[in-house]
Amino acid sequence: MVRFVQVLAVVCKTGSLWRDTLSPATESGRQHMTRTSRRLSVAVSVLASIAILAGTVAASEGVSRSATGGGHFVLAGFLDVQFGFSAVAKDDGSAQGSFHQSYTLEGLTTSYWGTVTCLSVDTAAGRAWVGGVVTQVESDDPGARLVGEEVWFRVLDNGQGRDVPDRSTVFGFTPLFETSAAYCAARPWPADDARTWPVTAGNISVR
């Protein structure tokens, strides 16, 4: 049974980021939400989605592979990213699940939610590639990505009870790949786990 961990939102105010991999979007009406209430909302949403999808993974029939996780990782040594995801690949080739990432950069908080449309897994290496579609965006950043865009990320499960942390990437968007399906099919993995970032709290499981 996959172990799930409680995740809490934190704020990190520093630095700059590559806009091709972390570009966030805004709706003016949402800018009035306080940072405190947004962080609480994000935490509750992630916990709820992981708990619901834990049941989905456990109960789904015809599941051939799964990848799940939640917690925080630190991007490039300075940016705390909260994440949660659960994805299953079925025997018929379809995939289901959901995912979330949230971060605060230069005082601007951005949160993405999405639905899984593809999953590729290398259980021997503990690697998984997850693709999907953005279904919800909450952001103060006018440069944000939009609902309906295709998105993907990859994760590394380094096993239980080891000192080596699990790892995750931030979300990637076009034009790096034309579609999330193309990403899952290509299964890119640069040498030395490049552009994956260590999980500082939480867990990732690839099965």
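What follows draws every value from the coordinates through simple rules; no lab data is involved. All values derive from a computational prediction rather than experimental measurement. In this analysis, Cβ positions are derived from the backbone assuming ideal geometry, glycine residues included, and neighbour counts consider all displayed protein chains.
Remarks
- Selection within segment 120-153 - over 13 Å from the mean Cα position of the chain (by Cα), under 19 Å from G69 (Cβ atoms) and among the aliphatic types (A, V, I, L, M): V121, A124, A125
- Only one entry of G202, G143 meets the criterion of being in contact with a Gly (Cβ under 9 Å, 6 or more places away or on another chain) and of a type in the set (G, A, S), and that entry is G202.
- Among the residues of segment 85-130, those that are surrounded by fewer than 20 Cβ atoms within 10 Å (Cβ to Cβ) and either of a type in the set (D, E, K, R) or not in a strand (DSSP E or B) (or both) comprise K90, D91, D92, G93, S94, E106, G107, D122, T123, A124, A125, G126.
- The residue pairs whose first member lies in segment 92-105 and is on the phi > 0 side of the Ramachandran plot, whose second member is not charged (D, E, K, R), and whose beta carbons are closer than 7 Å, counting only pairs six or more residues apart or on different chains, are G97/L53; G97/F85; G97/S86; G97/A87; G97/V88; G97/V116.
- Out of T174, T196, T169, sole residue that is of a type in the set (V, I, T) and either over 19 Å from L75 (Cβ atoms) or touching a His at 6+ places or on another chain (Cβ under 8 Å) (or both): T174
- Every pair of residues 6+ apart whose Cβ atoms lie under 8 Å, when the first sits in segment 171-184 and is in contact (Cβ under 8 Å) with a residue 24 or more places away in the chain while the second is part of a loop (DSSP other than H, G, I, E, B) and of a type in the set (S, T, Y): F171/T21; G172/T21; F173/T21; F173/S23; L176/T21
- Single residue of P165, P198 found to be surrounded by fewer than 21 Cβ atoms within 10 Å (Cβ to Cβ) and either without any contact (Cβ under 8 Å) to a residue 60 or more places away in the chain or assigned to a loop (DSSP other than H, G, I, E, B) (or both): P165
- Residue check, W152 part of a strand (DSSP E or B) and either buried (at least 21 other Cβ atoms within 10 Å of the Cβ) or at negative phi (or both): yes
Okay, residues lined up against (1) buried (at least 16 other Cβ atoms within 10 Å of the Cβ); (2) in a loop (DSSP other than H, G, I, E, B); (3) touching a Ser or Thr at 6+ places or on another chain (Cβ under 6 Å); (4) without any contact (Cβ under 8 Å) to a residue 24 or more places away in the chain:
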position: G132; (1), (2), (3), (4): yes, no, yes, no
position: Q136; (1), (2), (3), (4): no, no, no, no
position: R145; (1), (2), (3), (4): yes, yes, yes, no
position: G159; (1), (2), (3), (4): no, yes, no, no
position: D192; (1), (2), (3), (4): no, no, no, yes
position: S205; (1), (2), (3), (4): yes, no, yes, no
